[in-house]
Each structure stands twice: as structure tokens, then as C-alpha cells.
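First up is the structure itself, then whatever we jot down about it.
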Amino acid sequence: MVPTVAAMTNQLPTRLTWQQVCARRLQVHALARPAKDARPSEIVAATAGTHAQVMSAAELGIALRIEGATRVDVRHALWNEHSLIKTFGPRGTVHLLPAAELAVWTGALSAVALGPSPLPDSVRMSPDQTEAVLDAIGTALLGTELTVDELTEAVADLAGPWAADPVMPAFQTYWPRWRQVQHLAGHRGSLCFGPNRGRNVTYTNPRRWLPSFRPAAAEEALPRLLRSYLRAYGPSTPQRFAHWLNAPVSWAHSVFESATGQLCQVDVEGSPAWLPAGESDVPDEMPSGVRLLPYFDGYAYRVGNQPPEHLCPGRAADRILGGNFQVLLVDGVVGGLWHQRRSGRRIAVTVEPLVDLTPAQRGELDLQVCRVGEVLQGNATLTIGRVTVGSHG
């Protein structure tokens, strides 16, 4: 168990309400008001990574948090400055991570306890084969960018033809055996995404852009990643940290215990939770404002810190829980969902509120739709109506 504040300091923990927690989240995530003069990498650091399975959604989510920014600024940070790195992050999913923090992320993610493989014995690789493939990936990508087919050939040449056996069922086809550890190569810091080559995704080694990069030692990286998570999504608990990383709860408890001196306990309406030490202050104002969060942004907002009944109250729970929707935040909690459809420069935005919007909130929604158009470099129009598009996979 994580020691309590009373046990460590003989002081009672700070008491917070869920509204105060929500106000803190909005402020930290630059959702209370867009940040002035912030760099995309600073926004990504503040939110403990940005989900980037849909790159256009990542660009929108980051740029909406920076006053006057567009998707061009995010692309420049990723492909020109290399202050952002696109790779495999929490839960093995595609993320943008700050290049300045890549050593911490890779050192921590490569130390996350893994659950049992869901693959059959005939598909799995032995520990020695796994290491051979991971070494081959890192070697093959040094100094170049390869498509998945080109990387398959290179891994087979370096590790052995068995690595390219098409044995993994995926999307009505079979992937080569090595791809079961593709995300682990990202976690080890030997693979990241390169710029697309036409419609083909490419991969490279992050050392091409960050020559001095090396993953940090786990004992240093894990407490630092925990503090980043708690800064972005706290107050939180080992159970929620485990959920965020898709890791065993017992392992998450051990990470909290290793960082005991760097954490402070607070009381959130009767439930204990933790923040980084010295960071228990909350904004004076209550959560307010209307914000549009794109795909995976709203999902991360929920997954980062449950319980869902506080973030998705009333009709929102029935409408969006269990799916990945673009969500409408109203005063810091989910108050609707939205969708956009693009045709040339025209962007038709449909918003389905699940709460009654005041005239002031309706005016804020108009401004948010305009910002979506600016970020995506188009002309956005708003329709209030039912969103008929299903959740994103």
C-alpha cells in the first residue's frame, strides 16, 4: 500500500471536491483557456502524451490548446523541429511524445509489467527471438526510413526468415511474426514513425533525429512518468494509473511506493488520491467553458482518470461510455458529442448537446467551431442535431 500523508507527515490531507479536480484538469490541459506562446511539445508534455492513431485528430487537439495555432504548427514540430516524436506510447497505442522527454518515456514504458500474450503458442516468439527481432529493428532503421514491407525484409535478413512468417491474423490478412513486438520496439526506443511515403507509413530510429538519445534507467524513469501522469490527470490512484498504462494493479502500487517521497495524498470527497508533492493547489474559479475534443482526445480525458460517473454524468454515460467519440465538454464534463465532415475547404460540424446550453455557452460553441475551421485551414459551419456516426475504433 502507498503510505498515507498522515503516516509520512502527521498532517491531514488536503480536501478537494470533484469540481475542483475538474477545474485543475481544465487548467493543466490548457482547456480553461488556450495557452499563449506555447509550443506543441509543451502541450503534449502537459497532457502526458497525445494519442495519434488519427493524426488529424492529434493535430486538432494540440492546436486548439494554443492561441492562434493551426495544424501546420504541429506538423512543423513533428517533422521539421523534431520536438515531437510519433511512436508507441501508453497501452501500446500510437502517441505523440515530447522529444525532450523521450528518454523518460522509453525507460518507463519498457519497464511496464506485461500481461500474458493472447497469441497462440505457434505464433509467439521466445524471449531470445524477441530480443533478436528488437535488435534487428533498431539496426535496420538506423539512418533510414523503411515501409513495413521493407522493414519486414530487413528484419528477416538480420534475425532470420522465421521473423517474417505470416502468422498473425490481422484485418482479413496475416502479418509477419515480428510485428507482435512492434510496439515494444517503440517502447525500447529503437523505432518511431517517419513521414509517410505517399500512402505508406514509414518507420525510423529516433536516434536519426536525436543522436544523444538513450532510454533512461527504469528506477529514474518510472517515478518521473508517474509524476507526469499525476500532473496531467491527478489526483489519481494506483488503480487508475494501471488502467492508463494497461498494466497490473500490483505493479502500479509498487511504482507509487517507489515514489512515496515525491507524492502527496489528498482527499477527494472522501476518497484518497495522489498528486505530485507540492502541486495540490487548485484554481479559484469553478470549471467553466465549452470545448470540442477530437477523437481519442476525449477518450484520453476519460481514461486518464476515472470515475466515469463524474466525467460523463446523466445522458452522457449512456451515449458515449464504451465508445471513442468526439466529445463536447461543458464546464469540464462531457455534455455532448460532435462530428465533422470535410469537402474541400468546407467543414460541416454537427454537435449533439446532451445538456441544455445557455446563450453564453451557445456563443462559446460558435467560437469553438470557428477555431476548428482555423486549425484545419477550412471554413467550418455549425449544425445542432443528432450525431449519427458511430464511435471510432
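Values in this text are rule-based calculations from the coordinates and carry no lab data. As the structure is a computational prediction, the values presented were derived from the model and not from experiment. A quick note on method: Cβ atoms are made from the backbone with ideal geometry, for glycine too, and the neighbour counts reach across all protein chains shown.
Things worth noting here:
- Mean residue ellipticity (222 nm) of the chain, computed from DSSP H runs ≥ 4 via -39,500 (n - 2.57), nearest 500: -10500 deg cm²/dmol
- Label sites at Asp149 and Ala217, each approximated as a point 7 angstrom past Cα along Cα to Cβ, lie 4.5 nm apart.
- For the chain, radius of gyration divided by Kirkwood radius, i.e. Rg to Rh on alpha-carbons: 0.98
- Here segment 290-384 has an Rg and Dmax of 13.1, 40 Å, counting Cα atoms alone.
- Counted over segment 290-384, the DSSP beta bridges are approximately 75% antiparallel.
- Peptides 184-192, 61-69 ranked from most to least packed by the mean count of surrounding Cβ atoms within 10 Å: 184-192, 61-69.
- Between Gln265, Gln172, Gln326, the GNM of the chain built on Cα springs shorter than 10 angstrom shows Gln172 fluctuating the most.
- Of the residues Glu42, Glu309, the one with the fewest other Cβ atoms within 10 Å heads the list, and the complete ranking is Glu309, Glu42.
- Listed from fewest to most Cβ neighbours within 10 Å, the set Trp18, Trp338 follows the order Trp18, Trp338.
- All alpha carbon pair distances within segment 32-129 were sorted into 5 Å bins beginning at 0; the resulting P(r) in whole percents reads 2, 13, 21, 21, 14, 10, 7, 6, 4, 2, 0.
- Charging the Cβ of each Asp and Glu at -1 and of each Lys and Arg at +1, and nothing else, the dipole of the chain about its Cα centre rounds to 820 debye.
- Contact order normalised by residue count of the chain, Cα under 8 Å, 6+ apart, percent: 18
- Sorting Ser228, Ser343 from the fewest to the most surrounding beta carbons within 10 angstrom yields Ser343, Ser228.
- With contacts taken as Cα pairs under 8 Å at a separation of at least 6 residues, segment 51-199 carries a relative contact order of 23 percent.
- Averaging the sequence gap over all C-alpha pairs within less than 8 Å and six or more residues apart, then dividing by the number of residues, gives segment 290-384 a relative contact order of 27 percent.
- Out of every Cα-Cα pair that segment 50-189 contains, those further apart than 21 angstrom amount to 50 percent.
- Alpha-carbon spread of segment 250-332, three principal axes, descending order, Å: 39, 34, 23
- Computed over the Cα atoms of segment 146-274, the ratio of the radius of gyration to the Kirkwood radius (Rg/Rh) comes to 1.10.
- Taking a span of 20 Å or more along the helix axis (Cα atoms) and a mean Kyte-Doolittle hydropathy of at least -0.5 as the rule, the DSSP H helices of the chain that qualify are 127-141, 218-233, 359-375.
- Among the GluC sites (Glu not before Pro) in segment 216-270, those located in a DSSP loop and surrounded by at most 13 other Cβ atoms within 10 Å of their own Cβ are Glu269.
- Net charge dipole size for segment 290-384 [Lys, Arg +1 and Asp, Glu -1 on Cβ; Debye, nearest 20]: 400
- Charge dipole (Cα centre; +1 on Lys/Arg Cβ, -1 on Asp/Glu Cβ; no other charges) of segment 45-197 amounts to roughly 420 debye.
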